[in-house]
Amino acid sequence: MSLSAWLVPQRRTEPITDPGERRAIVIELLIVLTVTLGLSGLRSLLSLLDSLLAPEPLADQQVAINVPQAADQLIDLLRQLLSAVQLFAWGALGLYLLWRAGIRLRAIGLDRDRLGRDTLGGAGLAALIGIPGLGLYFLARAAGANLTVLPSTLGDTWWRPVVLTIAAAANAWAEEVLVVGYVITRLRQLGWHENGSLVAAAALRGSYHLYQGFGGFVGNFVMGLVFGRVWQRTNRLWPLVIAHTLLDVVAFVGYALLRGQVSWLP
């Protein structure tokens, strides 16, 4: 396949020309992003500004992703699960709105016809993104452009690996369904060029990782470009969800198991 074919993929959704329908899509996008990841992006930007205003350099500051939410273990477990339910619901909201618009799961690559190939593709995509992404994190932190990210500060409980795995799947589901499947589809319907919608979706993905620092934004922006283009070319969303889940499971569960056991982990 030629490079130009990847740079300019074939459009799969015809633009909507009716002014009323277009206005409704714009309003829908604004509402969905305000309720979900768009608001997370604004909060993340404020978090980064707060870190920049602190007297300590970014690399000397820490930010945790999965943190305890209650002193009591049972309540903490339930609150962790509720956080995951919210993320699954965000993705479901995007799917429901597309379904109401006449777009089926098969049209965005969430059917179950190719789960074996999708799983293998997801594993390969995780390897492609994971190793360079880890290197970029250490490089950004060494350059003072990123905070020290702690994937988990949960206590050593029996349910910690289960909750972290569920959290990884929930993050992957919400982000890939909303940022790729939903947002790019809606931008296509508004007549956006494939490259323009790809960059917009990647910028959205990077925005809600700004709390980690500039490296977090750049790394996730690049990940968004790769994931988005793969979907635009293959029209398969499952490999993205699977790859993202694997990346987060390794980061969350791996960190929780190795923290304190190896010297290079904070």
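The values are calculated or read from the model by the stated rules, or taken from the named source; none is laboratory data. Note that the coordinates shown come from a computational prediction; the quantities given were computed from them, not determined experimentally. Note: ideal-geometry Cβ built from the backbone for every residue, glycine included; neighbour counts use all protein chains shown.
If only one of L178, L125, L150 is outside any helix (DSSP H, G or I), in contact (Cβ under 8 Å) with a residue 24 or more places away in the chain and closer than 19 Å to L247 by Cβ, which one is it? Explain how you work it out, then say what you get.
On the way: L178 fails: outside any helix (DSSP H, G or I); L125 fails: outside any helix (DSSP H, G or I).
On inspection, the qualifying residue turns out to be L150.
Return yes or no: is Y255 of a type in the set (F, W, Y), in contact with a helix residue (DSSP H, G or I) (Cβ under 8 Å, 6 or more places away or on another chain) and either modelled with pLDDT of 95 or more or assigned to a helix (DSSP H, G or I) (or both)?
So Y255 does not fit the description; no.
Of all residues in region 31-42, which are part of a helix (DSSP H, G or I) and either surrounded by 14 or more Cβ atoms within 10 Å (Cβ to Cβ) or modelled with pLDDT under 95 (or both)? Talk me through it step by step, then tell me what you get.
Just the residues of region 31-42 that are part of a helix (DSSP H, G or I), to begin with: 31-35, 37-42.
Residues satisfying the conditions are V32, L33, L37, G38, S40, G41, L42.
Just checking, how many residues over region 214-266 are on the phi > 0 side of the Ramachandran plot and not polar (S, T, N, Q)? Let's see the steps before the verdict.
Just the residues of region 214-266 that are on the phi > 0 side of the Ramachandran plot, to begin with: 235, 260.
Those still in the list that are not polar (S, T, N, Q) too: 260.
The total comes to 1.
Kindly indicate the residue of region 181-208 that is under 12 Å from the mean Cα position of the chain (by Cα) and free of Cβ contacts under 8 Å to residues at least 24 places away in the same chain and also surrounded by the fewest Cβ atoms within 10 Å (Cβ to Cβ) among those meeting that condition.
Among those residues, the one meeting the criterion is A203.
Okay, residues lined up against (1) over 20 Å from L110 (Cα atoms); (2) in contact with a helix residue (DSSP H, G or I) (Cβ under 6 Å, 6 or more places away or on another chain); (3) part of a helix (DSSP H, G or I):
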position	(1), (2), (3)
A203	yes, no, yes
G206	yes, yes, yes
G215	yes, yes, yes
G219	yes, yes, yes
V222	yes, no, yes
V226	no, no, yes
V230	no, no, yes
L240	no, yes, yes
A243	no, yes, yes
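Against the definition (part of a loop (DSSP other than H, G, I, E, B) and not polar (S, T, N, Q)), how does E28 come out, yes or no? Spell out how you get there, then give the answer.
On the way: part of a loop (DSSP other than H, G, I, E, B): no; not polar (S, T, N, Q): yes.
In short, no.
Please enumerate the residues belonging to region 55-79 that are outside any helix (DSSP H, G or I), surrounded by 12 or more Cβ atoms within 10 Å (Cβ to Cβ) and either free of Cβ contacts under 8 Å to residues at least 60 places away in the same chain or not polar (S, T, N, Q) (or both).
P57, V63, A64, I65, V67, P68, Q69, A70
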